[in-house]
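Peer 1: The structure that follows is given in the form of structure tokens.
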Amino acid sequence: LPGQGLSRCKLSDSTSSKAFLLLPLELKQQYSTHHPYGWNDGSMIPSKGYQTELAFGVFLKKGIVSFQLRPELVFAQNSSYSTFPSQQSDTIWKSYYDNVLNKIDAPERFGSGSYFKIFPGQSSLRFNYHKISLGLSTENLWWGPGIRNALLMSNNAPGFPHLSFNSLQPVGSPIGSFEWQLISGKLKGSNILP
């Protein structure tokens, strides 16, 4: 599967054009004692307290069509903690707005109680023909090298619905080999006010 480092439980012959694979059950847990923190946690949220993510799924292939269903269930205790004080001078609020609030959808806290959400996760429907693939996916994308993050895309948030047209392996030509991934999608905000 493009971009996936998942081990699989194989239930079919690898030379066959048909496949049914059980994807591994994955349980991630973390506990933040003082304040929310998270980095490259995918569907998990920055949250104080206990948090867990459960992922599981199946992969099906028949001919040129492949389908992967791998949802992610997230539960976070989301305990309260000291946030940015609402009683500040206009100068501090302006600076906070210009440098933090107006840059990215990153609420300080995801609601006022515990958090539970089911995401489509690393799911996709693809049409694969020789070395190219066309599909609809909610998988996380990772573009470019980096130490803590990729250069352009990463798993620092849940994957978003997108169409993808990409190479599965290098495609040769008289002037060299090429790989690509073209995507089109729309991001959706959290609808949680700062």
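The values are calculated or read from the model by the stated rules, or taken from the named source; none is laboratory data. Computed from a prediction, not measured in an experiment: that's the story for all the values here. In this analysis, Cβ positions are derived from the backbone assuming ideal geometry, glycine residues included, and neighbour counts consider all displayed protein chains. With ligands, DNA and RNA removed, areas are computed over all heavy atoms of the protein, side chains included. Shrake-Rupley method; radii C 1.70, N 1.55, O 1.52, S 1.80 Å.
Peer 1: State all residues of segment 94-106 that are of a type in the set (A, V, I, L, M, F, W, C) and either modelled with pLDDT of 85 or more or surrounded by 14 or more Cβ atoms within 10 Å (Cβ to Cβ) (or both); if no residue qualifies, say none. First the steps, then the outcome.
Peer 2: At the first step, the residues of segment 94-106 found to be of a type in the set (A, V, I, L, M, F, W, C) are 100-101, 104, 106.
Scanning segment 94-106 gives a single hit, 101.
Peer 1: Return the residue satisfying two criteria in turn: it lies in segment 112-134 and is open to solvent by 40 Å² or more (accessible area, probe 1.4 Å) and small (Gly, Ala, Ser), and of such residues it is modelled with the highest pLDDT.
Peer 2: 114
Peer 1: Starting from residues that are touching a residue at least 24 places away in the same chain (Cβ under 8 Å) and β-branched (Val, Ile, Thr), keep the ones in segment 69-92 and report whichever is surrounded by the most Cβ atoms within 10 Å (Cβ to Cβ).
Peer 2: 74
Peer 1: Something else: Restricting to segment 169-194, give me the number of residues that are more than 23 Å from residue 133 (Cβ to Cβ) and open to solvent by less than 80 Å² (accessible area, probe 1.4 Å).
Peer 2: Residues that pass the stated criteria total 3.
Peer 1: Checking residue 137 against (1) within 27 Å of residue 34 (Cβ to Cβ); (2) surrounded by 12 or more Cβ atoms within 10 Å (Cβ to Cβ); (3) among the hydroxyl-bearing types (Ser, Thr, Tyr), which test does it fail?
Peer 2: (1)
Peer 1: Are there any strands (runs of 3 or more DSSP E) wholly within segment 93-194 with 3 or more residues that are aromatic (Phe, Trp, Tyr), touching a residue at least 40 places away in the same chain (Cβ under 8 Å) and out of contact with any Lys or Arg (no Cβ under 6 Å at 6 or more places or on another chain), and if so which?
Peer 2: 115-119
Peer 1: Continuing with the same structure: Taking segment 140-152, which residues are under 21 Å from residue 66 (Cβ atoms) and open to solvent by less than 40 Å² (accessible area, probe 1.4 Å)?
Peer 2: Answer for segment 140-152, where residues must be under 21 Å from residue 66 (Cβ atoms) and open to solvent by less than 40 Å² (accessible area, probe 1.4 Å): 140, 141.
Peer 1: Another question, if that's okay. Taking residue 28, is it at pLDDT 90 or above, over 21 Å from the mean Cα position of the chain (by Cα), part of a strand (DSSP E or B) and of a type in the set (Lys, Arg)?
Peer 2: Working: at pLDDT 90 or above: yes; over 21 Å from the mean Cα position of the chain (by Cα): no; part of a strand (DSSP E or B): yes; of a type in the set (Lys, Arg): yes.
Considered against the rule, which asks whether it is at pLDDT 90 or above, over 21 Å from the mean Cα position of the chain (by Cα), part of a strand (DSSP E or B) and of a type in the set (Lys, Arg), residue 28 comes out as no.
Peer 1: Could I ask something else about it? Which numbered condition trips up residue 44, out of (1) touching a strand residue (DSSP E or B) at 6+ places or on another chain (Cβ under 6 Å); (2) open to solvent by 30 Å² or more (accessible area, probe 1.4 Å); (3) assigned to a loop (DSSP other than H, G, I, E, B)?
Peer 2: Of everything listed in (1) touching a strand residue (DSSP E or B) at 6+ places or on another chain (Cβ under 6 Å); (2) open to solvent by 30 Å² or more (accessible area, probe 1.4 Å); (3) assigned to a loop (DSSP other than H, G, I, E, B), residue 44 misses just condition (2).
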